[in-house]
Amino acid sequence: MMPTHVTLVDVGPRDGLQNEAQPVAAAQKIELVHRLQAAGLKEIEVTSYVSPKWVPQMADNAEVMRGIRRPPGVRHSVLVPNMKGLEAALTDPAARPDEVVVFGAASEAFSRRNINCSVAESIERFRPVVAAAHEAGLKVRGAISCAVGCPYQGEVTPDEVELVVRLMKAIGVDHCGIADTIGVGTPRRVQAVMERALKHYPLVEVSGHFHDTYGQALANIYACLEMGIHHFDASVAGLGGCPYAKGATGNVATEDVVFMLHGMGIATGIDLDALVDAGAYISGVLGRPPVSRAGKALLAKRGVAVEAAGAGA
């Protein structure tokens, strides 16, 4: 049965901007988070505590976390790759997140190519991170990347995904996010993977994260809705990609997902017009039109020149 309400996590400020070569000022990132909150987003992935050597765009993580307003009912999450990242995220009480995200690939080839260890070893490294996060009172969300396909090994099987789901469950990860990092998933393949996640996690703790490389992201979300899944990541203005997956385009645009859901009578609590404005703002900061089709269409309907939307902000 289709859900009546869907929760969206906007990952634009973190997963979206991390792949941008052009530096974005902390004040602009903070403004983006504030605009997303004003549009009704209740879950926002704000930044990551990774080495600035590898992801220079996130070097201002603590400054951004300190600078955002914290309205009641909004959860702000950060990605942490290891204990050092978690410790940095917890150093300043004013910058403390509500939730942390850990990640692992379902592909052995991807894991070995990028972090030089096996999938099992990569997940085991997060055991102390999860324990320390729980001790600090934080929820831990797990993201399983390359859950349908890998840029190095090609197809990834549901068995491979289920192995990572089980490993994450074993170390205490609270929520299981299934990510089609390179956007090769199609509805039936996505459903097959989601079935494996649902064997180990309750419906309320399983989510989808879809890139739109082959234009399948909305279809894949619809396929998940058919299963009752009601928690998805999306990125305002379609920001993002994967710095380690050549050719992968951005996450599905939050505006496009909201337009589809509202058209189906599914509530999100999000004001689409305000969301479109947020997408126009950050696209203007980056000096390009939004990737979101719904965003561009609604701006055009208002008579706003898409190329100039948000320019100079």
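Quick one: would you say Ser122 is more than 21 Å from Gly185 (Cα to Cα), crowded, with 20+ Cβ neighbours inside 10 Å and of a type in the set (S, T, N, Q)? Criteria met by Ser122.
Only residues that are part of a helix (DSSP H, G or I), surrounded by 24 or more Cβ atoms within 10 Å (Cβ to Cβ) and of a type in the set (A, V, I, L, M) were counted across region 9-49, and they come to 4.
Total residues in region 51-83 satisfying the condition of being outside any strand (DSSP E or B), of a type in the set (S, T, N, Q) and either surrounded by fewer than 20 Cβ atoms within 10 Å (Cβ to Cβ) or touching a residue at least 40 places away in the same chain (Cβ under 8 Å) (or both): the figure is 3. The single condition from (1) surrounded by fewer than 16 Cβ atoms within 10 Å (Cβ to Cβ); (2) over 17 Å from Phe103 (Cβ atoms); (3) out of contact with any Leu (no Cβ under 7 Å at 6 or more places or on another chain) that Gly228 fails is (3). If you go through region 63-108 and pick out every residue that is of a type in the set (Ser, Thr, Tyr) and within 18 Å of Glu43 (Cα to Cα), you end up with 1. Within region 84-122, track down each residue that is acidic (Asp, Glu) and in a loop (DSSP other than H, G, I, E, B). Result: Asp92, Asp98. The condition (being within 14 Å of Val291 (Cα to Cα), modelled with pLDDT under 95 and not polar (S, T, N, Q)) is satisfied by just one residue among Gly247, Gly238: Gly238. Please go through region 131-150 and pick out each residue that is surrounded by fewer than 24 Cβ atoms within 10 Å (Cβ to Cβ) and either outside any strand (DSSP E or B) or aromatic (Phe, Trp, Tyr) (or both). The answer is Ala131, Ala132, His134, Glu135, Ala136, Gly137, Leu138. The test for being within 25 Å of Leu41 (Cβ to Cβ) and touching a Cys at 6+ places or on another chain (Cβ under 6 Å) holds for Tyr201. Of everything in region 207-240 that is in a loop (DSSP other than H, G, I, E, B) and touching a helix residue (DSSP H, G or I) at 6+ places or on another chain (Cβ under 8 Å), the residue that is nearest to Gly40 (Cα to Cα) is His230. Checked against (1) under 26 Å from Leu275 (Cβ atoms); (2) buried (at least 24 other Cβ atoms within 10 Å of the Cβ), Ala89 meets all criteria but (1).
The values are calculated or read from the model by the stated rules, or taken from the named source; none is laboratory data. The shown structure was predicted, so the numbers you read here are calculated from the model rather than taken from an experiment. Cβ sites come from the backbone with ideal geometry, for glycine too, and all protein chains shown count toward neighbours.
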